[in-house]
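Asker: One structure is given below, represented as structure tokens, and several questions about it will come after.
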Amino acid sequence: MRRFISIAISLCALLGLSGCGIYSFSGTSIKPDVKTIYIEPIVNNALKINPTLANDLTEALHDKYKALTKLKEADEENADLLLSGEITSYDIKATAITANETAAKNRLTITVKIDFQNVKYPEENVKKDFVGYGDYDSSQSFDSVEATLCDEIVKTIVEDIFNATVAQW
């Protein structure tokens with residue numbers, strides 16, 4: 001009986017937390033009066049350009065916020081949250097050098113500068129660079145692994161942006 005009461009109290013506490021609007025089981029901490037978001041298309045300002053990367057990143061951000069929040073999309077003038085950004089770097093460098101001074105592994109690194117503004121709660125604004133990378137064997141051509149690496153890196157960067165903005169981790 002004591003165990004049943006303990007479980008019942010725990011369940012009530014969890015339901016109380018999920019119903020208050022500040023905490024949700026998706027991990028967000030969006031205040032109840034924040035209801036809309038505007039995600040500006042990401043701009044690609046890197047020296048080396050992947051032609052689909054900016055669009056892929058923008059779409060992944062839309063999908064993430066739509067799937068894990070109750071935020072509605074709004075135009076820039078009426079949104080409670082504003083997210084804009086630019087790809088500032090898209091670089092490939094050797095990461096592991098063999099004894100005969102050749103690269104054994106290469107690394108693709110993507111850097112995205114994000115400006116997140118909470119119109120109602122400016123103390124929650126975030127302006128930060130997010131970096132993601134993926135390694136590949138130098139015996140593979142970059143062209144053959146680029147799409148897969150970019151997909152993985154975009155997922156990582158979008159997760160980091162989401163956590164830094166509305167999950168506030």
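Asker: Within the range 125-143, is there a residue that is in contact with a strand residue (DSSP E or B) (Cβ under 6 Å, 6 or more places away or on another chain) and assigned to a helix (DSSP H, G or I)?
Answerer: no
Asker: While we're on this one: Might you let me know whether the range 113-132 holds any residue that is modelled with pLDDT of 95 or more and farther than 30 Å from Tyr38 by Cβ?
Answerer: Checked the range 113-132: no residue is modelled with pLDDT of 95 or more and farther than 30 Å from Tyr38 by Cβ.
Asker: Now for a different question. For the list (1) touching a residue at least 40 places away in the same chain (Cβ under 8 Å); (2) buried (at least 17 other Cβ atoms within 10 Å of the Cβ), I need the number of the one condition that Gln117 fails.
Answerer: (1)
Asker: Let me ask something additional. Among the residues of the range 84-107, is any of a type in the set (A, V, I, L, M, F, W, C), over 28 Å from Asp143 (Cβ atoms) and not in a helix (DSSP H, G or I)? Step through it out loud before you land on a result.
Answerer: Initially, the range 84-107 is screened for residues of a type in the set (A, V, I, L, M, F, W, C), giving 87, 92, 94, 96-97, 99, 103-104.
From what's left, over 28 Å from Asp143 (Cβ atoms): none.
No, every residue in the range 84-107 fails to be of a type in the set (A, V, I, L, M, F, W, C), over 28 Å from Asp143 (Cβ atoms) and not in a helix (DSSP H, G or I).
Asker: Taking Tyr65 as the residue in question, decide whether it is modelled with pLDDT under 60, in contact with a helix residue (DSSP H, G or I) (Cβ under 8 Å, 6 or more places away or on another chain), surrounded by 12 or more Cβ atoms within 10 Å (Cβ to Cβ) and of a type in the set (Ser, Thr, Tyr). Please lay out each step first, then the result.
Answerer: Values: modelled with pLDDT under 60: no; in contact with a helix residue (DSSP H, G or I) (Cβ under 8 Å, 6 or more places away or on another chain): yes; surrounded by 12 or more Cβ atoms within 10 Å (Cβ to Cβ): yes; of a type in the set (Ser, Thr, Tyr): yes.
Considered against the rule, which asks whether it is modelled with pLDDT under 60, in contact with a helix residue (DSSP H, G or I) (Cβ under 8 Å, 6 or more places away or on another chain), surrounded by 12 or more Cβ atoms within 10 Å (Cβ to Cβ) and of a type in the set (Ser, Thr, Tyr), Tyr65 comes out as no.
Asker: Please verify whether the range 153-165 includes one or more residues that are touching a residue at least 12 places away in the same chain (Cβ under 8 Å), farther than 16 Å from Glu40 by Cβ and in a loop (DSSP other than H, G, I, E, B).
Answerer: Looking through the range 153-165, none of the residues is touching a residue at least 12 places away in the same chain (Cβ under 8 Å), farther than 16 Å from Glu40 by Cβ and in a loop (DSSP other than H, G, I, E, B).
Asker: Could you tell me which residue of the range 73-96 is farthest from Val166 (Cα to Cα), considering only residues that are out of contact with any Asp or Glu (no Cβ under 9 Å at 6 or more places or on another chain) and loosely packed, with under 12 Cβ neighbours inside 10 Å?
Answerer: Among them, the one singled out is Lys93.
The values are calculated or read from the model by the stated rules, or taken from the named source; none is laboratory data. If you're wondering where the values come from, they're calculated on a predicted model, not measured in any experiment. Cβ coordinates were reconstructed from backbone atoms using ideal geometry, including for glycine residues, and neighbour counts include every protein chain displayed.
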